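The block underneath contains the structure these notes are about, expressed in structure tokens.
The values are calculated or read from the model by the stated rules, or taken from the named source; none is laboratory data. These figures come from a predicted structure and were not determined experimentally. Methodologically, a virtual Cβ is constructed for each residue, glycine included, from the backbone with ideal geometry; neighbour enumeration extends over all protein chains shown. The accessibility values were calculated without ligands, DNA or RNA, using every heavy atom of the protein model including side chains. Shrake-Rupley method; radii C 1.70, N 1.55, O 1.52, S 1.80 Å.
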Amino acid sequence: IVMSNNQTTSANSTKLMQVGIEDKEKANQIDNILKECGVNIQEITHEEVLDNATGINEKGYRITADGIKNVDLYVMEDDNVYSIKYADNFLYNDNQVVSKLTDYYLTNKEKSDLEINSERMVKDILKSPSTAKFPNILEWKFYKDKDKIIIQSYVDYQNGFGTMIRREFQIKLASDQTTP
């Protein structure tokens, strides 16, 4: 989409204009901030329940980005961004980007890689690693923030007496680590 003042409107800007950000330049500014935060809009809706959340007369929008449904955009009456949050984490606050969306979630590939490497690590400490049985990935829990990744699950295995035992485990990594 090309605008009359030779500025191009992105798909995100178009979506912003469809939900009430009428000024094309403001929509482009918001889109640039979202991009800096690593947010690519799949869907956006105005959520009245988010309006005036801080008591300073802002409008709240719920964004789905990369399959993540709880990215909240708060825009002031003049269509300037007040804040952007994912869950309870600020991505944008006080007129600056403070983190990226990827600081707080793992892709399916990252989860799969962490699962495989965690299984290997757990097997390395078992007396009978060949007996180890892990649940499918849907029963694993993954948590990520800017500083750490936490992986939780369980393993069924035979102990030294041949008895099957279930043990839960938790692995903590620095957020920049890719393998346990």
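Here are the numbers for this structure:
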{"item": "Single match in Asp156, Asp79 (criterion: more than 18 Å from Lys35 (Cβ to Cβ), open to solvent by less than 70 Å² (accessible area, probe 1.4 Å), acidic (Asp, Glu) and in contact (Cβ under 8 Å) with a residue 12 or more places away in the chain)", "result": "Asp156"}
{"item": "Qualifying positions in region 116-151 - touching a residue at least 24 places away in the same chain (Cβ under 8 Å), in a helix (DSSP H, G or I) and of a type in the set (Ser, Thr, Tyr)", "result": "Ser118, Thr131"}
{"item": "Yes/no for Lys111 being without any contact (Cβ under 8 Å) to a residue 40 or more places away in the chain, surrounded by 14 or more Cβ atoms within 10 Å (Cβ to Cβ) and not in a strand (DSSP E or B)", "result": "yes"}
{"item": "Filter pass, Glu36 being out of contact with any Asp or Glu (no Cβ under 9 Å at 6 or more places or on another chain), open to solvent by 60 Å² or more (accessible area, probe 1.4 Å) and touching a residue at least 60 places away in the same chain (Cβ under 8 Å)", "result": "yes"}
{"item": "Selection within region 109-164 - within 30 Å of Asp88 (Cβ to Cβ), in contact with a strand residue (DSSP E or B) (Cβ under 7 Å, 6 or more places away or on another chain) and of a type in the set (A, V, I, L, M)", "result": "Leu114, Ile149, Ile150, Ile151"}
{"item": "Hits in region 82-108 (condition: of a type in the set (Gly, Ala, Ser) and either surrounded by 13 or more Cβ atoms within 10 Å (Cβ to Cβ) or part of a strand (DSSP E or B) (or both))", "result": "Ser83, Ser99"}
{"item": "Filtered residue count, region 39-76, keeping only those that are at negative phi, under 18 Å from the mean Cα position of the chain (by Cα) and open to solvent by 70 Å² or more (accessible area, probe 1.4 Å)", "result": "5"}
{"item": "Residues (closer than 27 Å to Lys146 by Cβ and open to solvent by 30 Å² or more (accessible area, probe 1.4 Å)) located in region 11-32", "result": "Gln29, Asn32"}
{"item": "Top-ranked residue in region 114-141 [being under 21 Å from the mean Cα position of the chain (by Cα) and among the acidic types (Asp, Glu); ranked as surrounded by the most Cβ atoms within 10 Å (Cβ to Cβ)]", "result": "Glu115"}
{"item": "Which numbered condition Ile165 fails, given (1) open to solvent by 40 Å² or more (accessible area, probe 1.4 Å); (2) in a strand (DSSP E or B)", "result": "(1)"}
